[in-house]
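A.B. asks: After the structure tokens below, expect a handful of questions from me.
The values are calculated or read from the model by the stated rules, or taken from the named source; none is laboratory data. Here the structure is a predicted model, which means the values were calculated and not measured. Positions of Cβ are backbone-derived with ideal geometry, glycine not excepted, and every protein chain shown enters the neighbour counts.
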Amino acid sequence: MSRKLIPSILAALLLLGFSTAWAEEPIKIGAFFDLSGPAAAIGAPTKLVAEMVTTKINDEGGINGRKIELVMADAESDPTKAAAIVKKFINVDKVVAVVGPTRTDTGMAAKKMLEEAQIPTIMTVGGDPVIMEGKMGNMDFGAARWIFKSPQRSSVAVGKVLEYLKNNGLKKVALITSSDSFGRDGLRWLEKMGPETGLEIVAKESFEPSDTDMTAQLTKIKAAGPQAVVCWTIGPAGSIVAKNRLQIGLEAPLFQCHGLPDPMYIKLAGAEAAEGNLMPSTKLMAWEQLPDTDPQKPVIAEFVKLYAANKYDEKFPINTHSGYAWDALMILSGAMKKAGVEKDALRAAIESTTGLVGVSGVFNITAQDHNGLGLDSLVMVKIEKGKWVLQK
């Protein structure tokens with residue numbers, strides 16, 4: 001071999017090695033959930049699911065041969081902490097996308113920075129404001145071109161509750177909502193959509209998410225004589241409302257929001273207070289009651305099997321939130337497989353997701369709807385003897 005060729009061959013080999021190493025570099029995705037603070041009961045298992053689905057994706061070949069690496073962080077149920085985490089994701093970790101957080105408040109704290117940095121983001125929060133744009137009333141939601149979310153919109157969940165109320169002839173309704181962004185979002189849609197469906201709101205009360213007694217508000221509601229009470233909150237506050245309702249003898253049926261179908265709700269409220277409560281839910285809470293023709297049933301069955309195999313259910317029984325991180329990462333990975341990780345192409349691919357069967361529904365995302373789930377993605381469930389019973 002000519003000595004003149006050796007440097008060229010070595011250079012080619014080095015370049016090949018560098019290119020191979022570069023191709024195998026993991027794809028960094030920022031993942032932040034509330035692993036501590038008031039929302040930890042939701043955030044901690046969401047983190048485990050994010051890790052579970054990442055392992056599944058990587059074991060099945062990753063993203064066109066590249067593995068996903070989650071850069072994990074604890075938002076601590078604190079908007080200020082969430083903002084600091086996102087700043088690190090953008091400037092230090094150089095993530096190509098983000099999933100999370102847990103609460104609407106922390107999502108809103110992160111929204112503007114993610115939008116300005118043009119980071120494709122799929123949030124796992126219940127409230128609509130993270131994907132709303134422009135002004136509505138006295139609220140300015142800013143832009144949301146780069147923000148998507150996997151849980152159903154609050155407006156969809158409100159629509160499901162209103163549909164059930166109408167079908168069951170319940171017209172006089174009292175509202176009790178939390179004062180945080182999620183509660184205000186629910187109240188906004190209930191006030192807007194309720195009268196459109198013939199609903200008469202006979203009382204409105206609110207509470208702080210950290211409150212431990214809502215007896216005063218519920219006593220006022222009882223005096224108004226509603227046919228039903230709709231509560232909009234997540235976390236322990238919903239269980240307190242159920243307990244206080246029982247204590248004061250308020251007989252009108254209690255409807256909770258789509259964030260509360262969770263065995264912890266029954267545990268905190270107590271079996272007697274939880275009995276008969278109704279709420280919209282992902283199909284996950286009553287999946288075995290679904291017909292075999294439902295396209296989500298095999299996907300949910302796989303999810304439940306993996307969740308149990310990892311023994312997550314021993315500490316965190318499955319709840320309506322459990323599939324949100326799975327869906328977010330499945331949407332994101334599907335878009336990456338089609339478009340790669342260049343941000344503009346990735347954002348466009350997420351926005352054109354069609355017919356993706358997830359745990360929480362069948363996603364059809366558009367430029368007008370950065371969630372992509374409709375009323376058919378939710379079911380109404382009723383608590384009967386500690387079980388979640390599907391309602392017709």
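A.B. asks: With the condition kept exactly as written, say whether any residue in segment 338-357 is over 19 Å from the mean Cα position of the chain (by Cα), over 28 Å from Ile63 (Cα atoms) and of a type in the set (Gly, Ala, Ser).
C.D. replies: So far as segment 338-357 goes, no, none of its residues is over 19 Å from the mean Cα position of the chain (by Cα), over 28 Å from Ile63 (Cα atoms) and of a type in the set (Gly, Ala, Ser).
A.B. asks: Could you check, for segment 268-277, whether at least one of its residues is charged (D, E, K, R) and free of Cβ contacts under 8 Å to residues at least 12 places away in the same chain?
C.D. replies: Let us first name the residues in segment 268-277 that are charged (D, E, K, R), namely 272, 275.
From what is left, the residues that are free of Cβ contacts under 8 Å to residues at least 12 places away in the same chain are none.
No, because not a single residue in segment 268-277 is charged (D, E, K, R) and free of Cβ contacts under 8 Å to residues at least 12 places away in the same chain.
A.B. asks: What number of residues within segment 253-292 satisfy the criterion of being surrounded by fewer than 19 Cβ atoms within 10 Å (Cβ to Cβ) and either touching a strand residue (DSSP E or B) at 6+ places or on another chain (Cβ under 9 Å) or not in a loop (DSSP other than H, G, I, E, B) (or both)? Walk me through how you get there before you give the answer.
C.D. replies: Start the filter on segment 253-292 by keeping residues that are surrounded by fewer than 19 Cβ atoms within 10 Å (Cβ to Cβ), which leaves 253, 263-264, 267, 270-272, 275-276, 288-292.
Among the residues that remain, those that are also either touching a strand residue (DSSP E or B) at 6+ places or on another chain (Cβ under 9 Å) or not in a loop (DSSP other than H, G, I, E, B) (or both) are: 253, 263-264, 267, 271-272, 275-276, 288-290.
The total comes to 11.
A.B. asks: Something else: Return the total of residues in segment 135-155 being in a helix (DSSP H, G or I) and buried (at least 23 other Cβ atoms within 10 Å of the Cβ). Step through it out loud before you land on a result.
C.D. replies: As a first pass, look at segment 135-155 and keep what is in a helix (DSSP H, G or I): 154-155.
Subset that is buried (at least 23 other Cβ atoms within 10 Å of the Cβ): 154.
The number of residues fulfilling the criteria is 1.
A.B. asks: Continuing with this model, one more query. For segment 348-390, which residues satisfy the criterion of being in contact with a strand residue (DSSP E or B) (Cβ under 9 Å, 6 or more places away or on another chain), over 30 Å from Tyr265 (Cβ atoms) and of a type outside the set (S, T, N, Q)?
C.D. replies: Residues satisfying the conditions are Ile350, Glu351, Gly355.
A.B. asks: Same structure, new question: Go through segment 145-189 and give me each residue that's of a type in the set (Ser, Thr, Tyr) and under 15 Å from Lys204 (Cα atoms).
C.D. replies: At the first step, the residues of segment 145-189 found to be of a type in the set (Ser, Thr, Tyr) are 150, 154-155, 164, 177-179, 181.
Those that are of a type in the set (Ser, Thr, Tyr) and under 15 Å from Lys204 (Cα atoms): Thr177, Ser178, Ser179.
A.B. asks: Output yes when any residue across segment 194-207 is touching a strand residue (DSSP E or B) at 6+ places or on another chain (Cβ under 7 Å) and in a helix (DSSP H, G or I), and no when none is.
C.D. replies: In the first step, residues of segment 194-207 are kept if they are touching a strand residue (DSSP E or B) at 6+ places or on another chain (Cβ under 7 Å); the result is 194, 199-207.
Restricting the remaining residues to those that are in a helix (DSSP H, G or I) gives 194.
Scanning segment 194-207 turns up at least one residue that is touching a strand residue (DSSP E or B) at 6+ places or on another chain (Cβ under 7 Å) and in a helix (DSSP H, G or I).
A.B. asks: Within the bounds of segment 98-107, is there any residue that is of a type in the set (Val, Ile, Thr), at pLDDT 95 or above and either surrounded by fewer than 24 Cβ atoms within 10 Å (Cβ to Cβ) or in a loop (DSSP other than H, G, I, E, B) (or both)?
C.D. replies: No: zero hits.
A.B. asks: Given the structure, is Ala73 touching an Asp or Glu at 6+ places or on another chain (Cβ under 8 Å), among the aliphatic types (A, V, I, L, M), outside any helix (DSSP H, G or I) and in the same structural domain as Lys56 (by TED's automatic domain parsing)? Walk me through how you get there before you give the answer.
C.D. replies: Values: touching an Asp or Glu at 6+ places or on another chain (Cβ under 8 Å): no; among the aliphatic types (A, V, I, L, M): yes; outside any helix (DSSP H, G or I): yes; in the same structural domain as Lys56 (by TED's automatic domain parsing): yes.
No: the conditions fail for Ala73.
A.B. asks: Considering only residues of segment 373-392 that are in a loop (DSSP other than H, G, I, E, B) and in contact (Cβ under 8 Å) with a residue 40 or more places away in the chain, which is nearest to Ser150 (Cα to Cα)? Working first, answer last.
C.D. replies: In the first step, residues of segment 373-392 are kept if they are in a loop (DSSP other than H, G, I, E, B); the result is 373-374, 385-386, 391-392.
With the extra rule that they be in contact (Cβ under 8 Å) with a residue 40 or more places away in the chain, the set shrinks to 373-374, 385-386, 391.
Working: Leu373: 8, Gly374: 12, Lys385: 30, Gly386: 27, Gln391: 24 Å.
Checking each candidate, the answer is Leu373.
A.B. asks: Can you pull out every residue in segment 208-247 that is closer than 22 Å to Gly127 by Cα, surrounded by fewer than 18 Cβ atoms within 10 Å (Cβ to Cβ) and over 22 Å from the mean Cα position of the chain (by Cα)?
C.D. replies: Once the filter is applied, which keeps residues that are closer than 22 Å to Gly127 by Cα, surrounded by fewer than 18 Cβ atoms within 10 Å (Cβ to Cβ) and over 22 Å from the mean Cα position of the chain (by Cα), segment 208-247 yields only Asp211.
A.B. asks: If you don't mind, there's one more thing I want to ask. With respect to Phe32, determine if the residue is under 22 Å from the mean Cα position of the chain (by Cα), part of a helix (DSSP H, G or I) and either modelled with pLDDT of 95 or more or among the polar types (S, T, N, Q) (or both). If you could, list the steps in order and put the result at the bottom.
C.D. replies: On the way: under 22 Å from the mean Cα position of the chain (by Cα): yes; part of a helix (DSSP H, G or I): no; either modelled with pLDDT of 95 or more or among the polar types (S, T, N, Q) (or both): yes.
No, not satisfied.
A.B. asks: Restricting attention to segment 85-99, does a residue exist that is assigned by TED's automatic domain parsing to the domain that holds Ser352, under 15 Å from the mean Cα position of the chain (by Cα) and at negative phi? Walk me through how you get there before you give the answer.
C.D. replies: From segment 85-99, those assigned by TED's automatic domain parsing to the domain that holds Ser352 are 85-99; that's our starting set.
Right, trim to under 15 Å from the mean Cα position of the chain (by Cα) and you get 98-99.
Next, from what is left, pick out any that are at negative phi: 98-99.
Yes, segment 85-99 has at least one match.
A.B. asks: Just checking, which of Phe316, Phe303 is of a type in the set (Phe, Trp, Tyr), farther than 25 Å from Ser155 by Cβ, in contact (Cβ under 8 Å) with a residue 24 or more places away in the chain and part of a loop (DSSP other than H, G, I, E, B)?
C.D. replies: Numbers: Phe303 fails: part of a loop (DSSP other than H, G, I, E, B).
That would be Phe316, the only listed residue that is of a type in the set (Phe, Trp, Tyr), farther than 25 Å from Ser155 by Cβ, in contact (Cβ under 8 Å) with a residue 24 or more places away in the chain and part of a loop (DSSP other than H, G, I, E, B).
A.B. asks: Considering each of Leu284, Leu290 in turn, give the residue that is outside the structural domain of Val241 (by TED's automatic domain parsing), at pLDDT 95 or above and over 21 Å from the mean Cα position of the chain (by Cα).
C.D. replies: Working: Leu284 fails: over 21 Å from the mean Cα position of the chain (by Cα).
It is Leu290.
A.B. asks: Would you call Ile318 surrounded by 15 or more Cβ atoms within 10 Å (Cβ to Cβ), under 22 Å from Phe32 (Cα atoms) and out of contact with any Ser or Thr (no Cβ under 9 Å at 6 or more places or on another chain)?
C.D. replies: Numbers: surrounded by 15 or more Cβ atoms within 10 Å (Cβ to Cβ): yes; under 22 Å from Phe32 (Cα atoms): yes; out of contact with any Ser or Thr (no Cβ under 9 Å at 6 or more places or on another chain): yes.
Judged against the criteria, Ile318 is a match.
A.B. asks: Quick check, is Phe148 in the same structural domain as Val359 (by TED's automatic domain parsing), within 15 Å of the chain's Cα centre (by Cα) and either aromatic (Phe, Trp, Tyr) or over 20 Å from His321 (Cβ atoms) (or both)? Steps first, please.
C.D. replies: Numbers: in the same structural domain as Val359 (by TED's automatic domain parsing): yes; within 15 Å of the chain's Cα centre (by Cα): yes; either aromatic (Phe, Trp, Tyr) or over 20 Å from His321 (Cβ atoms) (or both): yes.
It is true that Phe148 is in the same structural domain as Val359 (by TED's automatic domain parsing), within 15 Å of the chain's Cα centre (by Cα) and either aromatic (Phe, Trp, Tyr) or over 20 Å from His321 (Cβ atoms) (or both).
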